[in-house]
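**Q** This is the structure I have questions about; it appears just below.
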Amino acid sequence: MTSFLIVDDHPLFREALGNAVRLALPEARIVEAVSIEDALHILTAEQGEGIDLALLDLSLPDATGFSGFLRLREAHPRLPVAIVSSEEDQRVVREALELGAAGYLPKSLSKRELAQSIEGVLNGSVSVPKDFVATPQRRRAEASKALEVKLRELTPQQLRVLELLRRGYPNRQIGQELQLAESTVKAHITEILRKLGLFSRNKAIIEIGKVDLPDPKARPYARADRGRPQ
């Protein structure tokens, strides 16, 4: 029996998504969660092996952007997670796929279209919106190389913050891990985005997921600017 975890805080859409799953697989077992914390508790109880596919809404009470997706992937890296969202901006779709989503299913799809997309993901296909255009490989490689150069400008502490940011940690948890005030973490993130030429923490998470971060202890890095947090 194929098992699904539906993570969405809207009961009507959980029901609609469940109906699409049953249209694709009438004998499917469906487990529902209303938040990332709820989903993590369920996956712990299932020991991570009982769920074949998670269907995740990006807009949840305890998650912003891709933070919920990253928390699921961090805790259960082998679990396929497909995003089901009302957001259809191609940049968001592209970022989701670059982070490792098993597919991106718009909520505007009909029940039959959702069922077909879910079947495709289970069969190993990466389901995307019909009008989605992938970024050329050459452009992705050039962007990754430029990012690796910019990463050398970060201080060791900024690299530590960035590593935790990549794992989906909120500012408060980053501060606890590194024994920093939350205001200091925010200042670090602002400076990291400036040095990397990125406009948001979500974009930073996407981009650094494409490269290996330097080891803060491996060699000297750029000195922190005077007056900036160390």
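**Q** Hey, can you tell me all the residues within the range 43-68 that are part of a strand (DSSP E or B) and modelled with pLDDT of 90 or more?
**A** Looking only at the range 43-68, we keep the residues that are part of a strand (DSSP E or B), and these are 53-56, 60, 63.
Selection gives 53, 54, 55, 56, 60.
**Q** Collect the residues in the range 87-117 that are of a type in the set (Asp, Glu) and farther than 16 Å from residue 8 by Cβ, keeping them in residue-number order.
**A** Here is the first cut: in the range 87-117, the residues of a type in the set (Asp, Glu) are 87-89, 95, 98, 113.
Once the filter is applied, which keeps residues that are of a type in the set (Asp, Glu) and farther than 16 Å from residue 8 by Cβ, the range 87-117 yields 88, 89, 95, 98, 113.
**Q** Give the residues of the range 181-192 that are out of contact with any helix residue (DSSP H, G or I) (no Cβ under 7 Å at 6 or more places or on another chain) and either open to solvent by 70 Å² or more (accessible area, probe 1.4 Å) or closer than 20 Å to residue 217 by Cβ (or both), sorted by residue number.
**A** Within the range 181-192, 183, 190 qualify.
**Q** Has the range 26-42 got at least one residue that is part of a helix (DSSP H, G or I) and buried (at least 21 other Cβ atoms within 10 Å of the Cβ)?
**A** Filtering the range 26-42 down to residues part of a helix (DSSP H, G or I) leaves 36-42.
Filter again for buried (at least 21 other Cβ atoms within 10 Å of the Cβ), leaving 36, 39.
Yes - at least one qualifying residue is present in the range 26-42.
**Q** Condition first: more than 21 Å from residue 63 (Cα to Cα), in contact (Cβ under 8 Å) with a residue 12 or more places away in the chain and among the charged types (D, E, K, R). Now tell me which residues in the range 190-212 satisfy that.
**A** Across the range 190-212, the qualifying residues are 191, 195, 210.
**Q** Would it be correct to say that residue 111 is under 30 Å from residue 25 (Cβ atoms), basic (Lys, Arg), modelled with pLDDT of 90 or more and surrounded by fewer than 20 Cβ atoms within 10 Å (Cβ to Cβ)?
**A** Numbers: under 30 Å from residue 25 (Cβ atoms): yes; basic (Lys, Arg): yes; modelled with pLDDT of 90 or more: yes; surrounded by fewer than 20 Cβ atoms within 10 Å (Cβ to Cβ): yes.
So residue 111 fits the description; yes.
**Q** Give me the pairs: first residue in the range 33-48 and closer than 18 Å to residue 59 by Cβ, second residue in a helix (DSSP H, G or I) and among the β-branched types (Val, Ile, Thr), beta-carbon distance under 7 Å, and six or more apart or on different chains, which are they?
**A** Sorted first by the residue in the range 33-48, then by its partner, the pairs are 33/42.
**Q** Further question: Would you mind finding the one in 154, 105, 165, 97 that is of a type outside the set (Gly, Ala, Ser), at pLDDT 90 or above and open to solvent by less than 60 Å² (accessible area, probe 1.4 Å)? Before you say what the answer is, go through the steps one by one.
**A** Working: 154 fails: at pLDDT 90 or above; 165 fails: at pLDDT 90 or above; 97 fails: at pLDDT 90 or above.
Every option except 105 fails the conditions.
The values are calculated or read from the model by the stated rules, or taken from the named source; none is laboratory data. What you are looking at is a predicted structure, and each value in this text was computed from that prediction instead of being measured. Here the Cβ is made from the backbone with ideal geometry for all residues, glycine too, and neighbour counts use every protein chain on show. With ligands, DNA and RNA removed, areas are computed over all heavy atoms of the protein, side chains included. Shrake-Rupley method; radii C 1.70, N 1.55, O 1.52, S 1.80 Å.
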